[in-house]
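All of the numbers you see were taken from the coordinates with simple rules; none came from a lab. Source: prediction; values computed, not measured. Cβ coordinates were reconstructed from backbone atoms using ideal geometry, including for glycine residues, and neighbour counts include every protein chain displayed.
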Amino acid sequence: MRLSERVWPLHTLPWRAARFLFRNSARCLYEALIRLPPLHFVKNTRESPVPRTLSGFLIQKVLGINRKAYWPVHFTSKINQPQNIVVGIDTCPGYEPGCYIQGLGQVFIGDYTRIAQNVGIVSANHLPEDPDQHDKTQSVVIGDYCWIGMNAVILPGVRLGDFTVVGAGSIVTKSFPDGNCVVAGNPARLIRRLDPEKCQRRCLSQEYVGYLRAADFSAYRARKLWV
């Protein structure tokens, strides 16, 4: 029997009508919400590899999981002191699950940098003599268009230049400020150099820093952040 010839049992019609109305009402409500100026990031970041979603925003801001972070963070990731963290355009550390970004010291991450699952970025270690206390903080600086692979850890004081690829499972203990390279291992060491002419710089038509338009971020940083 063709679908157009199928006859639904009469007792199921009220349930099907109610489900149809609920779905359409929910869709209309969703479209109305994302048309509000504070929620324009939903439709304006759809082309991004890290799209901002309404459900993620509500989990983060309404339920309070990583509420103070101004960029989207997965509910299983943890952001410590986001006021001390500056992220670039379309960069969302902790977007993937299981990440830990520690902002006890200053952390700067550039534009269009991608961070995989279970990555740790640490700006202060514990004292060997007293694990309840932290050693002096050190800044962590990660450049533009970098890729930090799964389970990698970046330790205090590290500086990575643009187009640095950190291999999965690596422990980065020293800086590679020149960039254009692949590093891997424990401790991480230089694996190979990248040709700067082949490194692609791509930009999105709608540029956002987290949930904020890139043009509005400077004012937000001066008002809300510590760095």
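For segment 28-39, how many residues are touching a residue at least 12 places away in the same chain (Cβ under 8 Å) and within 17 Å of L212 (Cβ to Cβ)?
From segment 28-39, those touching a residue at least 12 places away in the same chain (Cβ under 8 Å) are 30, 33-34, 39; that's our starting set.
So of that shortlist, the ones also within 17 Å of L212 (Cβ to Cβ) come out as 34, 39.
The number of residues fulfilling the criteria is 2.
Of (1) without any contact (Cβ under 8 Å) to a residue 24 or more places away in the chain; (2) surrounded by 15 or more Cβ atoms within 10 Å (Cβ to Cβ), P131 satisfies all except one. Which?
(2)
Tally the residues that are of a type outside the set (G, A, S), more than 21 Å from F217 (Cα to Cα) and assigned to a loop (DSSP other than H, G, I, E, B), restricting the search to segment 80-135.
Looking only at that region, the number is 12.
Per-residue answers, yes or no, for (1) closer than 21 Å to Q106 by Cα; (2) under 20 Å from the mean Cα position of the chain (by Cα); (3) not small (G, A, S):
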{"site": "C181", "(1), (2), (3)": "no, no, yes"}
{"site": "A184", "(1), (2), (3)": "no, no, no"}
{"site": "P187", "(1), (2), (3)": "no, no, yes"}
{"site": "K198", "(1), (2), (3)": "no, no, yes"}
{"site": "L212", "(1), (2), (3)": "yes, yes, yes"}
{"site": "A215", "(1), (2), (3)": "no, yes, no"}
{"site": "R221", "(1), (2), (3)": "yes, yes, yes"}
{"site": "K224", "(1), (2), (3)": "yes, yes, yes"}
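For a quick check of your reading of the model, give me the residue pairs whose first member lies in segment 203-227 and is free of Cβ contacts under 8 Å to residues at least 40 places away in the same chain, whose second is crowded, with 16+ Cβ neighbours inside 10 Å, with beta-carbon atoms closer than 6 Å and at least 6 apart or on different chains.
F217/V209
Residues in segment 25-60 that are charged (D, E, K, R), over 15 Å from the mean Cα position of the chain (by Cα) and either buried (at least 18 other Cβ atoms within 10 Å of the Cβ) or part of a helix (DSSP H, G or I) (or both): how many?
3
Restricting segment 144-181 to residues that are β-branched (V, I, T) and surrounded by 19 or more Cβ atoms within 10 Å (Cβ to Cβ), which is farthest from P196 (Cα to Cα)?
Looking only at segment 144-181, we keep the residues that are β-branched (V, I, T), and these are 148, 153-154, 158, 164-166, 171-173.
In the following step, the residues that additionally are surrounded by 19 or more Cβ atoms within 10 Å (Cβ to Cβ) were identified as 148, 153-154, 158, 164-166, 172.
On the way: I148: 18, V153: 25, I154: 23, V158: 21, T164: 11, V165: 13, V166: 17, V172: 22 Å.
Among residues in segment 144-181 that are β-branched (V, I, T) and surrounded by 19 or more Cβ atoms within 10 Å (Cβ to Cβ), the one farthest from P196 (Cα to Cα) is V153.
Got a sec? Which of I65, I101, I109, I121 is over 27 Å from K136 (Cα atoms) and either in contact with a helix residue (DSSP H, G or I) (Cβ under 6 Å, 6 or more places away or on another chain) or not polar (S, T, N, Q) (or both)? Give the steps one after another, and end with the answer.
Values: I101 fails: over 27 Å from K136 (Cα atoms); I109 fails: over 27 Å from K136 (Cα atoms); I121 fails: over 27 Å from K136 (Cα atoms).
Answer to the check: I65.
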